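Single-structure report; data block below.
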Amino acid sequence: MSNESLANLLKEERRFAPPAELAASANVTADAYAQASEDRLAFWAEQARRLSWAVEPTETLDWSNPPFAKWFADGKLNVAYNCVDRHVEAGNGDRVAIHFEGEPGDSRAITYAQLKDEVSRAANALQELGVAKGDRVAVYLPMIPEAVVSMLACARIGAAHSVVFGGFSADAVASRIQDADAKVVITADGGYRRGKPSALKPAIDEALTKVDGVQKVLVVRRTGEEVAWTEGRDVWWHELVDAQSAEHTPEAHDAEQPLFILYTSGTTGKPKGILHTSGGYLTQASYTHHAVFDLKPETDVYWCTADIGWVTGHSYIVYGPLANGATQVIYEGTPDTPHQGRFWEIVQKYGVTILYTAPTAIRTFMKWGDDIPARYDLSSLRVLGSVGEPINPEAWVWYREHIGAGRTPIVDTWWQTETGAMMISPLPGVTETKPGSAQRALPGIAATVVDDEANEVPNGSGGYLVLTEPWPSMLRTIWGDDQRYIDTYWSRFEGRYFAGDGAKKDEDGDIWLLGRVDDVMLVSGHNISTTEVESALVGHPAVAESAVVGASDATTGQAIVAFVILRGSASNSEELVAELRNHVGRTLGPIAKPKQIKVVSELPKTRSGKIMRRLLRDIAEGREVGDTTTLADSTVMNLIQSQLPAGA
Ligand code: 6R9
C-alpha cells in the first residue's frame, strides 16, 4: 500500500482523553500492557482464573504443532456452568441476565436463576432427542432468549452448535448443516422483522429435503403462524423443553472440547466453518468484555445490537457477558420498527450504560438525523463500542457527540470470526482515543503491520495486518479442512497469522484498519483503499453512506466507482456529484477522485452490516450480479439497479 494513500487518515488529529472518573475506577489500567508483555503466557494463565475450572489447567499453551494450538489443555470446565450456574451459586440468582425486548413490544426479564433452569431443561431435552457430547446442533432462530438458551444447552452437554443467520436462504442453511453434519436443528416458526412475522421454518423444511442426517427439528413457537409439520421429526419446544426437569448436572469437559462452528460469510468459495473450543475461547471472551467495556456487573446494563448469528453475538451477547454475570438487553428486531428512535427508546427504557454496535448502524442513524436521538434520555450511557468495519472519523465523532453527549469513550474493536474475541481496541480508562483508529493490540495480544516481504513496516507506513503470537480464543482449524486452515491464514507470511486486512501504523505506532485487502484498488499504479475514499465521501455534509469499488478500466487498470446515499436534506444533481468528486480530490489527492459517483438509496449489506462490494463491482463492470444469498435484504440489488440509468 503506497504511503500517499495513507496520508488522509493520518491527518486526523482529534484526540479524546478517557474520562477521569472512569479512569479512576477502571477494571483494567495501563499496567496490564506491561504485565502481559513481561510474560504473555503467565498473563493469560491469570486471566483463565476468571473462570471456574473443574480441573485447573497446569499447562497454558501447547504450540508444539503450529499452527494447531491447544490452550489450557489439561484443564476441564463446563462453559454453561461458567455462564450461568456459578452466578446463582454466588448468590446472584435474582440478577437479571436478559432483558428481552421483542420487536412488537413484548418484553421479558430473565434472571440468572431462571436462565439456569431453562438451560438445564433444554439440555435435558436435547439429550432426550439423542444429542450427545461431540455431536453438532444447528441453530436457526430469531433474536429471542431461546437462541441463547439453545447455545448454552449445547455447551452444557458438550455438543457443538452451529448458528446460522435467520436471514440465510434454504440453500445456505443446507450447505452449512451438511458441512457440520448436524444431528438436530433448532428453529422457530418465525420471528418479527420490520413490523411483521417473518417465517423461518419453511427454510429448514426445504433445506432438509437436500441433506440427510438431521433426525429431529426442535421448533420454538414465536409468531404463532401456521407451520408445516413432519411427524416423527418435528418437536415443539414448549412441549418437550417445558416438560423437562430443571436439574441437569454439568459435566466437566476438556478445555479443547469443540464449543461451536461458525461459518464465515466468505465472498467466494465454500463457506469456512470456523471451529472454536472451550477454555481458551471463554477466557478471552470474558477478559476482553471485562477490560474493553469496563463492565461492572452489579450496576451496568449492557447492550450489544448484533445478531446471534454473527460472531459478535456469540462472544459479546452469549459467552463474554454471561461469563461475567452481566445484565444485558437483547432486542429482536430492526432499528426503525416501529419508528427510527427505537434504539434510543430502548436505551432510555432500560438505562443502558454500555452500547456495542456497528459503523453501518451509526451511519444509518446519522442519515436519519440528529434530532431523533436528541428526543431521548441517553444520559445512562458511559461506554460506546464499534465493531464490524473500519469506522470513519466522521461517524465516530457523530457517535460520541450525539449518542455519547461528548463524554463517553468510544472503543473501536477490531477482531474476526477467526480470532473469536477482540484483538485490537482502546481501553476506555487508559487510551487517549483517535477517531477512526482501533489503536493498539490488547494486553496479551501481538499484532503488527508488514509489507509484501513480511518485513514489519515503520511507523507512518501501511501494509498487511498480521498477528504474531497465538492467542487463547484463536480458531483451532476450519472444520474438516486442516489444510485450508493452513493455506488461508498461515501461509502468506511464515509463522504469522494473516488476517486479510490492510492496515497502517501512525507516527505513534497506533493501528488504523483499511478494510479487506481484496478491497484495495489499484489506480494507475497507486494503491488506494476503499475505506479512505468512503471516509472522504462521508466527510462531506451531503453524504450519509458510501461504498467504493475498483472497476476494471482500460486506461488506469482500475477506476474508482462510488455509490453514495445522500443525507435526508441533500438532493441529487450533477452539481452535487461534481462537488463530491472535487471534495474527494481535495481530501485525498486528485488520484483518488472517483471516475463515477452513483446516487442510490440502499447499499447491499450482509446481516452483520458489511458492504458486499463484490456485487457493486458487478454493477460497475456491467456484469450480471452474482450470488446474493448472504445479503440481509435480497431485494436491494434490484432496487439499486432500478435507480441507475440504463447502461450506467
Ligand atoms: C467481529 C467481526 C471480520 C472483518 C475483519 C475486518 C472487519 C471488524 C473491525 C473491522 C476495522 C474494526 N472488521 N471489526 N475493520 N475496524 N473495528 O466483524 O467478525 O464478521 O468475521 O469480520 O471485519 O475486515 O477482518 P467478522
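The values are calculated or read from the model by the stated rules, or taken from the named source; none is laboratory data. Please read all numbers here as calculations on a predicted model, not as lab measurements. Cβ: placed from backbone, ideal geometry, glycine included. Neighbour counts: every protein chain shown. All accessible areas refer to the heavy atoms of the entire protein, side chains included, with ligands and DNA or RNA removed. Shrake-Rupley method; radii C 1.70, N 1.55, O 1.52, S 1.80 Å.
Assorted remarks:
- 1.4 Å probe accessible area per residue over segment 333-426, in Å²: 26 Å²
- Entry note, segment 110-249: relative contact order of 28 percent, from Cα contacts under 8 Å with a spacing of 6+ residues.
- For segment 561-568, putting each phi into the Karplus relation 6.51 cos²θ - 1.76 cosθ + 1.60 with θ = phi - 60° gives couplings of 10, 10, 10, 10, 10, 7, 5, x Hz, in residue order, rounded to whole numbers and with x for Gly and Pro.
- For segment 548-648, accessible area per residue (1.4 Å probe, heavy atoms of protein chains only), Å²: 47 Å²
- Segment 110-249 - share of DSSP beta bridges that are antiparallel (%, nearest 5): 20 percent
- Dipole magnitude (debye, nearest 20) for the chain, charges at Cβ of Lys, Arg, Asp, Glu: 780 debye
- Annotation for segment 561-648: GluC sites (Glu not before Pro) lying in DSSP loop with at most 16 further Cβ atoms inside 10 Å of their Cβ are GLU602, GLU621, GLU624.
- Taking every DSSP bridge with both residues inside the chain, close to 60 percent are antiparallel.
- Calculated log₁₀ intensity ratio I(q)/I(0) where the Debye formula runs over C-alpha points of segment 110-249, q = 0.09, 0.19 Å⁻¹: -0.23, -1.09
- Within the accessible area of the chain, the carbon and sulfur atoms contribute 46%, probe 1.4 Å, all protein chains present.
- Accessible area in square angstrom per residue, segment 110-249, 1.4 angstrom probe: 36 Å²
- Between the Cα long axis of helix 279-292 and the first principal axis of the chain there is an angle of about 50°, rounded to the nearest 10.
- Between GLY557, GLY502, ALA620, the Cα set farthest toward the positive side of the dipole of the chain (charges on each charged residue's Cβ, about the Cα centre) is that of ALA620.
- Karplus-derived 3J(HN,Hα) values for segment 512-520, using 6.51 cos²θ - 1.76 cosθ + 1.60 with θ = phi - 60°, are 10, 7, 10, x, 5, 5, 5, 9, 7 Hz; glycine and proline are entered as x.
- Percent RCO, i.e. relative contact order, over segment 253-359, from Cα pairs under 8 Å lying at least 6 residues apart: 24 percent
- Of all DSSP beta bridges confined to segment 524-643, the antiparallel ones make up roughly 75%.
- Projected-area average for segment 538-597 over all orientations - Cα convex hull basis, square nanometres: 4.0 nm²
- Residues whose amide H comes within less than 5 Å of that of ILE478, counting only those at least five positions distant or on another chain, are TYR485 (H built at 1.01 Å from N in the peptide plane).
- Segment GLU507-ASN638, extension gain: residue separation times 0.36 nm, minus the distance between their alpha carbons: 42.7 nm
- Mean-position separation - Cα centroids, segment 497-562 and segment 419-449, in angstrom: 21 Å
- Overall, the ratio between the Cα radius of gyration of segment 524-643 and 2.2 N^0.38 Å, rounded to two decimals, is 1.02.
- What the Cα atoms of the chain give is an Rg and a Dmax of 23.7, 71 Å.
- Bridgeable aspartates and glutamates around LYS504 (alpha carbons under 14 Å apart, same-chain partners fewer than 8 residues away excluded): GLU4, GLU12, ASP451, ASP452, GLU456, GLU532.
- Under 9 Å, Cβ to Cβ, from ARG407 - net charge with Lys/Arg +1 and Asp/Glu -1: +2
- Sparse packing (at most 13 other Cβ atoms within 10 Å of the Cβ) combined with a DSSP loop state is found for the following trypsin sites (Lys or Arg not before Pro) in segment 537-634: ARG623.
- Over segment 292-401, all Cα pairs binned in 5 Å intervals from 0 give whole-percent P(r) values of 2, 12, 23, 26, 22, 12, 3, 0, listed from short to long.
- Across segment 524-643, Cα pairs under 8 Å and at least six residues apart give a relative contact order of 23 percent.
- Computed from backbone phi, the HN-Hα couplings of segment 348-360 come to 5, 4, 9, x, 4, 9, 10, 10, 10, 9, 10, x, 4 Hz, rounded to whole numbers (Karplus: 6.51 cos²θ - 1.76 cosθ + 1.60, θ = phi - 60°; Gly and Pro given as x).
- Applying a DSSP loop filter and a limit of 13 other Cβ atoms within 10 Å to the trypsin sites (Lys or Arg not before Pro) in segment 335-421 leaves ARG375.
- Positive-pole candidate from PRO104, PHE68, SER150, dipole of the chain, charges at beta carbon: PRO104
- Partner aspartates and glutamates for LYS201 [C-alpha distance under 12 Å; skip if fewer than 8 residues away on the same chain]: ASP189, GLU225, GLU226, ASP234
- Mean residue ellipticity (222 nm) of the chain, computed from DSSP H runs ≥ 4 via -39,500 (n - 2.57), nearest 500: -7500 deg cm²/dmol
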